[in-house]
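Student: Have a look at this one before I ask anything.
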Amino acid sequence: QVNFTGDQVLRILAKNEKQLSLLRDLESQKPQKVDFWRGPARPSLPVDMRVSFSELPSVKLYLKSHGLAYRVMIKDIQVLLDEERDAMAKSRRL
Amino acid sequence: ERSTNSFSYSSYHTLDEIYSWIDNFVAEHSNLVSKIHIGKSFENRSILVLKFSTGGPNRTAIWIDTGIHSREWITHATGIWISQEIVNAYDKDHVLKKVLNTMDIFIEIVTNPDGFAFTHSMNRLWRKNKSSQPGIVCIGVDLNRNWKTGFGGNGSNKNPCSETYRGPAPESEPEVAAIVDFITGHGNFKAMISIHSYSQMVMYPYGHSLEPVPNHEELFNLAKDAVQALYQVHGIQYIYGSISTTLYSASGITVDWAYDSGIKYAFSFELRDTGQYGFLLPASQIVPTAEETWMALRTIMTHTLNHPY
């Protein structure tokens, strides 16, 4: 199983089309490092982006340097995956 | 002894568990439900569809698919709960009864079986199918970019490493071709609903174009009614509109193909987003999500029944 320890999902609120475009650039620069769970669509909709642990510093720097506001939606994906797996195992036992 | 009574509808399940549930479900409700094998996936897994029918030849029909993007686990779980709800409610819900006395309902619970199996065995966050091409390192095609309508346009990608890779040709993927062949062969589908997660939306064509479809007004009003019905269950708010104006441009998608193939009531759902979990929605939210989704689907089914075309 792929391990997602330390990977985060960032929820970004782009203010305008220019900021959305910066997010689209990020996807084309790092197609396999950044995984858009909710892609850059329009300023009224949040953008959710999974970032691998190794890429977090550079991606966060990119967002900060372009004035893109974000919050961490999922702090550590593997923690949620472990919980999900435990819940499935428990259900199966029951 | 196995039975659908021992199946937990508030838990996520593997492909084997779901396929085993399907067999038990069909056996227990053989008067109303049958299983149809519509094809094989790239990795040779069976592609199964549940048919809910009270009998009669060449009836008009409603199509529902879940799980075309394999990591969207809440959609498979919702499809299972809704299937169970249809048999539970059939005798009590006069609206559903009226629908089923006139139309058949088809539900494809695992639209992307290879991808789904992969989410359990190797990569929980896998979205595409598992097809490969000689000389290309990245695997998988986004099955929701592989349909003929608008294939290759904006909002799809020609790079095989992209999550929105459209594939080498329209309907190149067996999972898509199986549905196209089945629906085209049947010839009497009047509604097609493709269920995704997450961002709380009900949408209609087009995705590949900003141009409003000829039935825009009717579809807009029906989406509004569906969203209202959904809201009344647990107070969850959805937005609605055409795909390209509500979400983004997306070409080669299921519902655009449906609409251009003559299926007027073509809708795409994006299920719950709590803003905390994304694709990892806790299993405790399966039943509430399914309950509200069912009411929206019921609204579309009723409208389809009452507005024959």
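Student: Counting partner chain Cβ atoms within 10 Å of every residue's Cβ in B:198-207, what's the average? Working shown, then result.
Tutor: Values: counts 3, 7, 0, 1, 0, 0, 0, 0, 0, 0.
So the per-residue partner count for this stretch is 1.
Student: Further, regarding this structure: Write down the Å³ per residue value for the convex hull defined by the alpha carbon atoms of region A:29-76.
Tutor: It comes to 92 Å³ per residue, whole-number rounded.
Student: What is the average number of partner chain Cβ atoms found within 10 Å of a Cβ in A:37-44?
Tutor: Numbers: counts 11, 7, 7, 1, 8, 4, 0, 1.
Mean partner-chain Cβ count within 10 Å for A:37-44: 5.
Student: Based only on the alpha carbon positions, what is the Kirkwood hydrodynamic radius of region B:1-153, in angstrom? Please report the intermediate quantities before stating the final value.
Tutor: Values: mean 1/r = 0.0600 Å⁻¹.
Taking every pair of different Cα atoms in region B:1-153, averaging 1/r and inverting gives 16.7 Å.
Student: When the helices in chain A are scored as -39500 (n - 2.57) per DSSP H run of 4 or longer and the sum is shared across all residues, what 222 nm value do you end up with, to the nearest 500 deg cm²/dmol?
Tutor: Numbers: 3 runs with 40 residues, N = 94.
For chain A, the value works out to -13500 deg cm²/dmol.
Student: Here's something else I'd like to know. Have a look at A:Trp37, A:Ser21, A:Asn3 and report the one farthest towards the positive end of the charge dipole of chain A, computed about the Cα centre with Cβ charges (Lys/Arg +1, Asp/Glu -1).
Tutor: A:Ser21
Student: Here's another thing I want to ask about it. Quick one: which of B:106-116, B:46-56 comes out on top by average Cβ neighbours within 10 Å, and what's the full order, highest first?
Tutor: Working: B:106-116: 27.0, B:46-56: 17.4.
Ranked by mean Cβ neighbours within 10 Å, highest first: B:106-116, B:46-56.
Student: Taking the alpha-carbon set of region B:88-233, what are its Rg and Dmax in Å?
Tutor: 17.9, 56
Student: Grab every C-alpha pair in the protein assembly as shown, bin the distances at 20 angstrom width from 0 up to the longest one, and report whole percents.
Tutor: All Cα pairs, binned at 20 Å, distribute as 28, 61, 11, 0 percent.
Student: Hand me the tally of lysine pairs in region B:63-222: alpha carbons under 29 angstrom apart, and the pair either on different chains or 8 or more positions apart.
Tutor: 10
Student: Here's another thing I want to ask about it. What are the radius of gyration and Dmax of region B:42-103, computed over its Cα atoms and given in Å?
Tutor: My reading of the Cα-based Rg and Dmax gives 13.9, 42 Å.
Student: When each pair of different Cα atoms in region B:234-309 is counted once in the 1/r mean, what is the Kirkwood radius in angstroms, to one decimal? Intermediate values should be presented prior to the final figure.
Tutor: Details: mean 1/r = 0.0689 Å⁻¹.
For region B:234-309, the Kirkwood estimate is 14.5 Å.
Student: Can you tell me the order of B:78-89, B:33-44, B:249-260 when each peptide is scored by its average per-residue count of other Cβ atoms within 10 angstrom, highest first?
Tutor: Ranking the peptides B:78-89, B:33-44, B:249-260 by packing returns B:249-260, B:78-89, B:33-44.
Student: Using only the alpha-carbon atoms of region B:166-230, report the extent along each of the three principal axes, biggest first, to the nearest angstrom.
Tutor: Principal extents (Cα only, largest first): 36, 27, 25 Å.
Student: Helix A:77-93: angle to the longest alpha-carbon principal axis of chain A, degrees 0 to 90, nearest 10?
Tutor: 30
Student: Taking the alpha-carbon distance from A:Lys75 and a cut-off under 16 Å, which aspartates and glutamates remain once sequence neighbours fewer than 8 residues away in the same chain are dropped?
Tutor: A:Asp7, A:Asp35, A:Asp48, A:Glu55, A:Glu83, A:Glu84
Student: Related question: Return the tail of the calculated pair distribution for region A:1-48, meaning the percent of Cα-Cα pairs more than 13 Å apart.
Tutor: Working: 639 of 1128 pairs.
So the pairs more than 13 Å apart make up 57 percent of the total in region A:1-48.
Student: If you don't mind, another one. I need two numbers for region B:96-169: Rg to one decimal and Dmax as a whole number, Cα atoms only, in Å.
Tutor: 16.1, 53
Student: Suppose every Lys and Arg Cβ carries +1 and every Asp and Glu Cβ carries -1, with no other charges. What dipole size does chain B come out with about its Cα centre, to the nearest 20 debye?
Tutor: Working: 23 positive and 30 negative charges, 40 e Å.
So the dipole magnitude of chain B works out to roughly 200 debye.
Student: Counting just the Cα atoms, what span does region A:1-83 cover along each of its three principal axes? Round to the nearest Å and put the largest first.
Tutor: 37, 23, 18
Student: If you wrap region B:151-309's Cα atoms in a convex hull and average its projection over all directions, what's the area in nm²?
Tutor: 9.9
Student: Now, a different point. For chain B, what does the helix formula give at 222 nm: sum of -39500 (n - 2.57) over DSSP H segments with n ≥ 4, over the residue count, nearest 500 deg cm²/dmol?
Tutor: Numbers: 9 runs with 113 residues, N = 309.
Value at 222 nm, helices only: -11500 deg cm²/dmol.
Student: Work out the mean other chain Cβ neighbour count within 10 Å for the residues of B:112-123 and drop it here as an integer.
Tutor: Values: counts 0, 0, 0, 0, 0, 0, 0, 1, 3, 1, 2, 3.
Average neighbour count from other chains, rounded to a whole number: 1.
Student: Please work out the ratio of the alpha-carbon Rg of chain B to 2.2 N^0.38 Å and round it to two decimals.
Tutor: On the way: Rg = 17.9 Å, N = 309, 2.2 N^0.38 = 19.4 Å.
Working it through for chain B, the quotient is 0.92.
Student: Counting only DSSP beta bridges with both residues in region B:185-309, what percent are antiparallel, rounded to the nearest 5? Working shown, then result.
Tutor: Values: 3 of 14 bridges.
So the antiparallel bridges amount to about 20 percent of the total.
We did not get these values from a lab; they are worked out from the coordinates using the rules stated. The structure displayed is predicted, hence computed values, not measured ones. For neighbour counting, all protein chains shown are included, and Cβ atoms are generated from backbone atoms with ideal geometry for every residue, glycine included.
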